[in-house]
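Working notes for the structure below.
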């Protein structure tokens, strides 16, 4: 108990005002919001290195809602990441995998998106069903499955970025074909310099009204080499999404800054703690505040 108290005191003493405010926001959102907003806050705390209370909160969520699709996937996703050992983690990832492998489940898309985020391929567990999903009609389900099977082998992971980029470049007006591959690229990275130039040009050329644009800019910003002359232009375009009316757009901008932003971005992020009148609900405002708080914590940690 003494160690826990000492840890809390040290944490409070060592953090800057912006970091302390960010941590308070994340803990308030974790305790005060529900379902997916709660999931996001929990993940942000884990990713920022502040796991206290997350596992306990979501064990209670599992008792209450562990059979409720699609929220059950979010619960297991958090618990898998909060696990303290591989056996405990596997217990939750196996539950997620079982949902994807159940062709009658209504939350298969949520399940395979989570598998992809956790870098788990379902291919070896059921090749026929996984391949059928991959080769089925183009949809979020098939695209998230493509992302997840990238983690089957080192070779498939090496080839995945070029394949995702090709989908973006050949998508035409199909927003889904751009959005999900770009979202995946932000997280797996791995583009060559030439491929990055193609992505950057495509992102900058994407129409301002396109829902895919923020995801393409985000992928380009987080995969750019530090000295690229286009990086600052992409960064400037990305920051324009601070006033977007879609919480997903603002949160994607914040995710990119969490990954690759600098201390110069912190004032903008701090403004998102409260200055989000364009968003339509209190839950959306809380979700965006949490995404900004996460970005502040990650940037400050990188620069400490």
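The values are calculated or read from the model by the stated rules, or taken from the named source; none is laboratory data. Just so it is clear, the structure is predicted and the values come from calculations on it, not from any experiment. Virtual Cβ from ideal backbone geometry, glycine too; neighbours counted across all protein chains shown.
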Test residue 104 against the criterion of being surrounded by fewer than 16 Cβ atoms within 10 Å (Cβ to Cβ), farther than 18 Å from residue 258 by Cα and either at pLDDT below 95 or within 20 Å of the chain's Cα centre (by Cα) (or both), and give yes or no.
no
For region 47-70, check the following and say yes or no: at least one residue is crowded, with 16+ Cβ neighbours inside 10 Å, over 17 Å from residue 297 (Cβ atoms) and touching a residue at least 60 places away in the same chain (Cβ under 8 Å).
no
Being surrounded by 15 or more Cβ atoms within 10 Å (Cβ to Cβ), in contact (Cβ under 8 Å) with a residue 24 or more places away in the chain and over 22 Å from the mean Cα position of the chain (by Cα): is that true of residue 79 here?
no
Members of region 124-136 that are in contact (Cβ under 8 Å) with a residue 12 or more places away in the chain and part of a helix (DSSP H, G or I)
129, 130, 133, 134
List pairs: first in region 264-289 and in contact (Cβ under 8 Å) with a residue 40 or more places away in the chain, second in a loop (DSSP other than H, G, I, E, B), Cβ under 6 Å, 6+ apart or cross-chain?
286/33; 288/272; 288/276; 289/273
Could you tell me whether region 277-285 includes any residue that is touching a helix residue (DSSP H, G or I) at 6+ places or on another chain (Cβ under 9 Å) and buried (at least 23 other Cβ atoms within 10 Å of the Cβ)?
no
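Anything in region 114-123 that is touching a residue at least 40 places away in the same chain (Cβ under 8 Å) and in a helix (DSSP H, G or I)? List them, or say none.
Within region 114-123, 114, 116, 117 meet the criteria.
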Counting only residues that are loosely packed, with under 15 Cβ neighbours inside 10 Å, farther than 17 Å from residue 272 by Cα and modelled with pLDDT of 95 or more, how many does region 1-35 have?
3
Considering 120, 96, which residue is more than 27 Å from residue 286 (Cα to Cα) and crowded, with 17+ Cβ neighbours inside 10 Å?
120
With the structure loaded, tell me whether residue 250 is farther than 30 Å from residue 166 by Cα and touching a residue at least 40 places away in the same chain (Cβ under 8 Å) or whether it fails that test.
no
Would you call residue 255 within 18 Å of the chain's Cα centre (by Cα), closer than 18 Å to residue 33 by Cα and touching a residue at least 60 places away in the same chain (Cβ under 8 Å)?
no
